[in-house]
Amino acid sequence: MYETILVPTDGSETIQRTLPHALTLAADNDATVRALSVVDIRSVQAAGDDDRDGVDAELTADAEAAVEEVADAAAEEGLDVETTVRRGTPDKEIVKESNEQDIDVIVIGTDGKTPREKLRSLGSVSERVVDKAEVPVFVIKQAAEETAE
């Protein structure tokens, strides 16, 4: 049913909840895992002129480490894996990747933001991906006990 599964990651703890679901789905379908991390250009652009290159380099290194974490976990399970780092706005780049790479399903975590936090950050990436994606999106919600912290 699924040949290619997109697993977006920002390197946060959210991937620890998301990855087991993505890997199980990939193993059950003999699918390729495609790990994606997006360097958010808004953060780079918000940095001062003197800091911009450093911020860009740090975010790029973080994104590369994030996709390697997914790749290592997939490889441990004997799954085929591909990694990509893109630059742009995360939700837009996730949807663009799913369209350009013929992705069958996106497995993404949500970080359990409160309504006020969502408003402050203009919503959640996972919500925007669900709204815009042309393929099924499997959303892994944060556990209730994690939300209370």
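The values are calculated or read from the model by the stated rules, or taken from the named source; none is laboratory data. This is a predicted model, so every value here is computed, not measured. Note that we place each Cβ from the backbone using ideal geometry, even for glycine, and neighbour counts take in every protein chain shown.
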query = So which residues in the range 1-15 are touching a residue at least 60 places away in the same chain (Cβ under 8 Å) and farther than 14 Å from residue 104 by Cα?
reply = 9, 10, 12, 14, 15
task = Scan the range 2-10 and give yes if some residue there is in contact with a strand residue (DSSP E or B) (Cβ under 8 Å, 6 or more places away or on another chain), farther than 25 Å from residue 141 by Cβ, at pLDDT below 95 and of a type outside the set (Gly, Ala, Ser), otherwise no.
result = no
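This table checks each residue for (1) touching a residue at least 24 places away in the same chain (Cβ under 8 Å); (2) buried (at least 20 other Cβ atoms within 10 Å of the Cβ); (3) part of a helix (DSSP H, G or I).
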| position | (1), (2), (3) |
| --- | --- |
| 17 | yes, no, yes |
| 20 | no, no, yes |
| 28 | no, no, yes |
| 33 | yes, yes, no |
| 42 | yes, no, yes |
| 48 | no, no, no |
| 62 | yes, no, yes |
| 71 | yes, no, yes |
key: Answer residue from the range 87-104, given it is under 10 Å from residue 8 (Cβ atoms) and touching a Leu at 6+ places or on another chain (Cβ under 9 Å) and is surrounded by the most Cβ atoms within 10 Å (Cβ to Cβ) among those   = 94
task = Scan the range 73-96 residue by residue and report those that are basic (Lys, Arg), assigned to a strand (DSSP E or B) and out of contact with any Asp or Glu (no Cβ under 7 Å at 6 or more places or on another chain).
result = 87
query = What is the number of the single condition among (1) in a loop (DSSP other than H, G, I, E, B); (2) at negative phi that residue 102 does not meet?
reply = (2)
query = Could we say that residue 80 is surrounded by fewer than 16 Cβ atoms within 10 Å (Cβ to Cβ) and either under 14 Å from residue 129 (Cβ atoms) or not small (Gly, Ala, Ser) (or both) here?
reply = yes
